[in-house]
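The values are calculated or read from the model by the stated rules, or taken from the named source; none is laboratory data. Bear in mind that the values here come from a model prediction, so they are computed numbers and not experimental data. A quick note on method: Cβ atoms are made from the backbone with ideal geometry, for glycine too, and the neighbour counts reach across all protein chains shown.
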2 protein chains.
Amino acid sequence: MEKSRNFGLDFEGLIDKSNAFYSESKIAFIYKKPTPIKIIKVDKNKIVDAVFEKKSTTDYNGIYNGYHIDFEAKSTVSEKFNLSSNIPQHQLDHLQNVTKSGGITFVLILFKSHNKIFLVPFENLSNVKKSYLGLEDCFDIGFEIEESLNPSIDYLKVVDLIIKEKYGK
Amino acid sequence: MEKSRNFGLDFEGLIDKSNAFYSESKIAFIYKKPTPIKIIKVDKNKIVDAVFEKKSTTDYNGIYNGYHIDFEAKSTVSEKFNLSSNIPQHQLDHLQNVTKSGGITFVLILFKSHNKIFLVPFENLSNVKKSYLGLEDCFDIGFEIEESLNPSIDYLKVVDLIIKEKYGK
């Protein structure tokens, strides 16, 4: 039996590699946004003084088959995913705006203790009344992303389902 | 007579302000991507050593009425706009990929000497055989963006024309 991949080792790295696979295969062009920083001093093309700025949007966006894709990826070591500490209000507002404007928006959640990844559509997430999501909640309002080889986190498979449900395509 | 605005003073700043106007008015959610840097050393939440990384995509992207928008903004003090020095190959490849995937892609070009801004759709730009674009070329293959008060660079007016032409909406 094949050993199951441990997603938790490098969740962001696996997403980046999956996005690289999508773009090399000309399937989708989705990128991680660089961390916003405020550069204070540059010396000979090297940044010697800078501070982190508050992120105002989400980590990933891009295009897939004409659809604007926008999402955030978060992992937790706990049994339950704390919504408010993981997704601050300004990110919720951003996801809400992009959703209303016709984008496909979601959060990828990795439960490290269970080695399970879920794609939770923002529309479902925004209806959640509780502050914590357990595995069962994610099965209810999201889609588990099954392990695959390449890309290792094939979240566009789920996006296809969402597009089909939403637009009948 | 009102004095005409000098776009050249702060082209990027005016685009950022126009985007802020669009997002505050819930018209579109288009943002400048942060400059990618590689952080080498952080000391007490301050970045004390970092280098600039090569930009792999374009400066701006986002969503407008369900359409994925992706563009680069460039200005020139010359009479003619040097295509290859202003838009490197990897950016052309990116714009090509996003265009094929159904995005609305373009370059905003400011001619500082004439205080004129053009939106040139990438599809037209990619057919250009010469290496320099003059004002006349831009009138031919692009759209002049007329001065307006708020937003000062109302490029979505031109995007509306492109959408209408492309999708009949």
Subject >> Whichever residue in the range B:135-150 is at pLDDT 95 or above and not in a helix (DSSP H, G or I) and, among such residues, is surrounded by the fewest Cβ atoms within 10 Å (Cβ to Cβ) >> reply: B:144
**OP:** Using the structure shown, decide if residue A:77 is in contact with a Ser or Thr (Cβ under 9 Å, 6 or more places away or on another chain), closer than 22 Å to residue A:161 by Cβ and more than 13 Å from chain B (Cβ to nearest Cβ).
**Re:** no
Original post:
Just checking, how many residues over the range A:105-124 are outside any loop (DSSP other than H, G, I, E, B) and surrounded by fewer than 21 Cβ atoms within 10 Å (Cβ to Cβ)?
Top reply: 3
Subject >> Subset of the range B:42-69 [facing chain A (nearest Cβ under 9 Å) and without any contact (Cβ under 8 Å) to a residue 24 or more places away in the chain] >> reply: B:42, B:45, B:46, B:47, B:48, B:49, B:50, B:51, B:52, B:53, B:66
Original post:
Consider residue A:5 against the criteria (1) among the basic types (Lys, Arg); (2) at pLDDT 90 or above; (3) surrounded by 12 or more Cβ atoms within 10 Å (Cβ to Cβ): it satisfies all of them except one. Which criterion is unmet?
Top reply: (2)
**OP:** For the range A:113-169, name all the residues that are in contact (Cβ under 8 Å) with a residue 40 or more places away in the chain, farther than 23 Å from residue A:14 by Cα and among the polar types (S, T, N, Q).
**Re:** A:131
Original post:
Is there a residue being in contact with a Cys (Cβ under 9 Å, 6 or more places away or on another chain), over 25 Å from residue A:44 (Cα atoms), touching a residue at least 12 places away in the same chain (Cβ under 8 Å) and more than 7 Å from chain A (Cβ to nearest Cβ) anywhere in the range B:25-41?
Top reply: no
Original post:
With (1) in contact (Cβ under 8 Å) with a residue 12 or more places away in the chain; (2) out of contact with any strand residue (DSSP E or B) (no Cβ under 8 Å at 6 or more places or on another chain); (3) within 12 Å of chain A (Cβ to nearest Cβ) as the list, and residue B:105 as the residue in question, which single condition is left unmet?
Top reply: (2)
**OP:** Please give the number of the condition residue B:11 fails out of (1) at pLDDT 90 or above; (2) touching a helix residue (DSSP H, G or I) at 6+ places or on another chain (Cβ under 9 Å).
**Re:** (2)
Subject >> Residue among B:18, B:85 that is within 21 Å of residue B:160 (Cα to Cα), assigned to a helix (DSSP H, G or I) and polar (S, T, N, Q) >> reply: B:18
Subject >> Positions within the range A:117-154 being under 15 Å from the mean Cα position of the chain (by Cα) and of a type in the set (Val, Ile, Thr), in sequence order >> reply: A:117, A:120, A:145, A:153
